[in-house]
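*Asks:* Got a structure for you, questions after.
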Amino acid sequence: MASLFSWITLFVLFCSVSSELILEEGYTVTTVIDGHKLNINPHSVLARPGSSDLLLLDFSNSHLYTVSFPLSNESEVKRISSEEKLGYRDGKLGLARFNKPRSFAVDGKGNVYVADRGNHVIRKISTSGTVSTIAGGLSKAIGKKDGPAQNATFADDFELAVVAERCILLVVDHGSQSVRLIDLKPEDCTTTSPSAQIFGLGAVTVWTLGLGLSCFLGLFVGILVRPYIIPHTGRLHPHQIQQEREALPDQFGETSSDTLLWHQKRNC
Ligand SMILES: *[C@@H]1O[C@H](CO)[C@@H](O)[C@H](O)[C@H]1NC(C)=O
Ligand SMILES: *[C@@H]1O[C@H](CO)[C@@H](O)[C@H](O)[C@H]1NC(C)=O
């Protein structure tokens, strides 16, 4: 009897769980990078702000690639780190070597931080393409030591995340079951990268400023010119101006903007 009861309970539980399924339609899956064809083992991807390509990290071969946008199976895939496999070398990105990089994160400026798992350090790729070690560089040992970043130690399994608005880098340290925080440099937390300044945010700001300025100029000219137009036509009486302000249809059923347009037409 008891077992029958538990079976019924399980059945009811199963039904209530399966009824939670919501199948939302409208999405499509497309393979854009076939690692078998390219001899790449993709592990993680990252889009930098304002960049024309995607960063791709190959964990097993310790290589970094860029993939050109828009993404398709025809996107250009380029290796940007050294062709050597495992290793540890800072400096120019083209010669840099990593050891089983696990994940990466990007800050507001466009610098990329790499969780170099095999070397137990955190590497930084600057916007100009220089690789440096920002944490763990002195000991390169496995551990869980906090303090000045170069003296700190990390487990051999950790991932990174940047919270750009807070200007921080978070280390999700699986090995020590902890989350650790590194303050980034304030100059790396501005939200415009050099490329974004030209093609993205910067351009938007310039356009907005330009539009705002021209609106202001238009208004200014309008105010200057208005006294000369109204007495000339003698059509806009205070009564009508009041109507305009209230945006009510006038005696001809026209709204205030229609009236204004009509007056402007007559003035032209
Ligand atoms: C690329 O994708 C298109 C459509 O998805 C397909 O027809 C084509 O054969 C693919 N090309 C290659 C080289 O895989
Ligand atoms: C960091 O490590 C270096 C070299 O091992 C040592 O000289 C220095 O005292 C350490 N600093 C701290 C704060 O532990």
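*Asks:* Give the number of residues within the stretch 107-139 that are without any contact (Cβ under 8 Å) to a residue 24 or more places away in the chain and within 16 Å of ligand 2 (Cβ to nearest atom).
*Replies:* Selection size over the stretch 107-139: 4.
*Asks:* Just wondering, is there one or more residues in the stretch 20-38 that are within 28 Å of I182 (Cα to Cα) and open to solvent by less than 30 Å² (accessible area, probe 1.4 Å)? Can you show your working first?
*Replies:* Quick first cut of the stretch 20-38, residues within 28 Å of I182 (Cα to Cα) only: none.
No, there is no match, as no residue in the stretch 20-38 is within 28 Å of I182 (Cα to Cα) and open to solvent by less than 30 Å² (accessible area, probe 1.4 Å).
*Asks:* Condition test on V131, is it of a type in the set (V, I, T), in contact with a Pro (Cβ under 8 Å, 6 or more places away or on another chain), under 20 Å from T66 (Cβ atoms) and modelled with pLDDT of 95 or more?
*Replies:* no
*Asks:* Still on this structure, I have one more. Among what's in the stretch 131-149 and is more than 22 Å from S81 (Cβ to Cβ) and not in a loop (DSSP other than H, G, I, E, B), pick the residue that is least open to solvent (accessible area, probe 1.4 Å). Give the derivation first.
*Replies:* To start, the set of residues in the stretch 131-149 that are more than 22 Å from S81 (Cβ to Cβ) comprises 138-139, 141-149.
If we keep only those that are not in a loop (DSSP other than H, G, I, E, B) as well, we get 142, 149.
Details: I142: 104, A149: 35 Å².
The qualifying residue least open to solvent (accessible area, probe 1.4 Å) is A149.
*Asks:* Could you please let me know if N61 is at pLDDT 90 or above and open to solvent by 90 Å² or more (accessible area, probe 1.4 Å)?
*Replies:* no
*Asks:* With the condition kept exactly as written, say whether any residue in the stretch 183-195 is modelled with pLDDT of 95 or more, open to solvent by 10 Å² or more (accessible area, probe 1.4 Å) and of a type in the set (K, R).
*Replies:* yes
*Asks:* Determine whether K78 is part of a strand (DSSP E or B), open to solvent by 70 Å² or more (accessible area, probe 1.4 Å) and not polar (S, T, N, Q).
*Replies:* Yes, satisfied.
The values are calculated or read from the model by the stated rules, or taken from the named source; none is laboratory data. Since the model is a prediction, treat every value here as computed from it, not as a measurement. When we count neighbours, we look across all protein chains shown, and the Cβ atoms used for this are built from the backbone with ideal geometry, even at glycine. All accessible areas refer to the heavy atoms of the entire protein, side chains included, with ligands and DNA or RNA removed. Shrake-Rupley method; radii C 1.70, N 1.55, O 1.52, S 1.80 Å.
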